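Visitor: To start, I am sharing the structure in question, which I have written as structure tokens.
The values are calculated or read from the model by the stated rules, or taken from the named source; none is laboratory data. Since this is a predicted model, take the numbers as computed values, not measurements. Neighbour counts run over all protein chains shown; Cβ positions are idealised from the backbone, glycine included.
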Amino acid sequence: MVKLNGKVAIVTGAASGMGKAIAELFAVEGAKVVVSDLNLENANKVVQGISEKGGKAIAVAANVAAEDDVQRLIDTAVDEFGSVDILVNNAGIMDNFVPAGDLTDELWEKVFAVNSTGPMRTIRKVLPIFTEKNAGVIVNIASAGGLFGSRAGAAYTASKHAVVGLTKNVGFQYAKLGVRCNAIAPGAVNTNISASLTAPNPFGAERAMAGMGINPGLGEPEDIAKVALFLASDESKFVNGTVITADAGWTAY
Ligand code: NAD
């Protein structure tokens, strides 16, 4: 039996990497999926792939850092599919491993706008929908960098710690209103995000890479999608306000 039968799921950053794998798996599991991304062309390709396999999905262009886009994204999901049951905050960007001493306000604000403010805005917009029907699930893609100090630069690390705090806050405060909110902290996963490391800061990159020697292995986007499916489905109905690491054991050392 499929695990998300008839559920409406919004996945941000779903044109690539983990978001794409999550959208595809959720569709296989019976969800109607809103494939949202900055990159509409690639989002359309994901929708096409889902449709060809008999799944249901639409693409919506949205920048999670823009409030108008977030409003339109959630409104479109409701208009097209009647409601929203699952929100996956997956869109995120890296920071070229820039350490605190070299940070610019611009980089800090850009990374926070996408990684932290984006999830806050989508959550703010879906909560009235979830609380009205006393049901709804939020899955935030945090990072090992949201739990530990030097997996990336200062802005990325702080922005993902903010996601973890937001996850716990929402999970606890809305628990009695039928909402669950959890996060996944992936370790290193084989996606296109490394393409955004256009000019790695030498000092920051060396400090961030210091622990790579003990990393047992690289994950695939599908590995994270399976954890997201668990958190989005009723199989995790007693799991709330917490973070599941999916990192081959990297952070257990
Ligand atoms: P990816 O680059 O393959 O995919 C990210 C997608 O998000 C892209 O399609 C991109 O267009 C989209 N996106 C970027 N900014 C956006 C915005 N402002 N609004 C909407 N969409 C936007 O990356 P990925 O590795 O699949 O990353 C997914 C999430 O996983 C991110 O939050 C990332 O921080 C997190 N993460 C990644 C790793 C890793 O090793 N890849 C590890 C831990 C956490």
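Visitor: Name the residue, out of A232, A175, A210, A199, that is more than 13 Å from the ligand (Cβ to nearest atom), surrounded by 13 or more Cβ atoms within 10 Å (Cβ to Cβ), of a type in the set (A, V, I, L, M) and over 19 Å from the mean Cα position of the chain (by Cα).
Guide: Testing whether each residue is more than 13 Å from the ligand (Cβ to nearest atom), surrounded by 13 or more Cβ atoms within 10 Å (Cβ to Cβ), of a type in the set (A, V, I, L, M) and over 19 Å from the mean Cα position of the chain (by Cα) leaves just A175.
Visitor: When residues of region 62-76 are filtered for being small (G, A, S) and over 17 Å from G19 (Cα atoms), how many remain?
Guide: 1
Visitor: Looking for whichever is modelled with pLDDT of 95 or more and either closer than 23 Å to D234 by Cβ or in contact with an Asp or Glu (Cβ under 9 Å, 6 or more places away or on another chain) (or both) here; the options are A66, A113, A135, A162. Which one fits?
Guide: A135
Visitor: Go through the residues of region 240-251 one by one and say whether even a single one is crowded, with 16+ Cβ neighbours inside 10 Å, in a helix (DSSP H, G or I) and under 21 Å from the mean Cα position of the chain (by Cα).
Guide: Checked against the condition, which is being crowded, with 16+ Cβ neighbours inside 10 Å, in a helix (DSSP H, G or I) and under 21 Å from the mean Cα position of the chain (by Cα), region 240-251 yields at least one hit.
Visitor: Can you list residue pairs whose Cβ atoms sit under 7 Å apart, with the first residue in region 208-227 being under 14 Å from A144 (Cβ atoms) and the second being near the ligand (Cβ under 10 Å from one of its atoms) and part of a helix (DSSP H, G or I)? Count only pairs 6 or more apart in sequence or on different chains.
Guide: I224/M18; I224/A21
Visitor: If you don't mind, there's one more thing I want to ask. Are there any pairs with C-beta distances below 6 angstrom linking a residue in region 45-74 that is closer than 18 Å to A27 by Cα to a residue that is of a type in the set (S, T, N, Q) and away from the ligand (no atom under 11 Å from the Cβ), with the two at least 6 apart or on different chains, and if so which?
Guide: Every condition considered, the pairs that remain are A59/N44; V60/T76.
Visitor: Have a look at A27, A77, A57 and point out the one that is more than 13 Å from the ligand (Cβ to nearest atom), farther than 14 Å from G118 by Cβ and in a strand (DSSP E or B).
Guide: A57
Visitor: Could you list, in sequence order, all residues of region 144-198 that are of a type in the set (F, W, Y) and touching a Ser or Thr at 6+ places or on another chain (Cβ under 8 Å)?
Guide: Passing the criteria: F148, Y156, Y174.
Visitor: Considering only residues that are near the ligand (Cβ under 10 Å from one of its atoms) and small (G, A, S), look in region 31-54 and name the one that is farthest from the chain's Cα centre (by Cα).
Guide: Taking the candidates together, the pick is A43.
Visitor: Among the residues of region 96-103, are any modelled with pLDDT of 95 or more, hydrophobic (A, V, I, L, M, F, W, C), surrounded by fewer than 17 Cβ atoms within 10 Å (Cβ to Cβ) and under 25 Å from P186 (Cα atoms)?
Guide: Looking through region 96-103, at least one residue is modelled with pLDDT of 95 or more, hydrophobic (A, V, I, L, M, F, W, C), surrounded by fewer than 17 Cβ atoms within 10 Å (Cβ to Cβ) and under 25 Å from P186 (Cα atoms).
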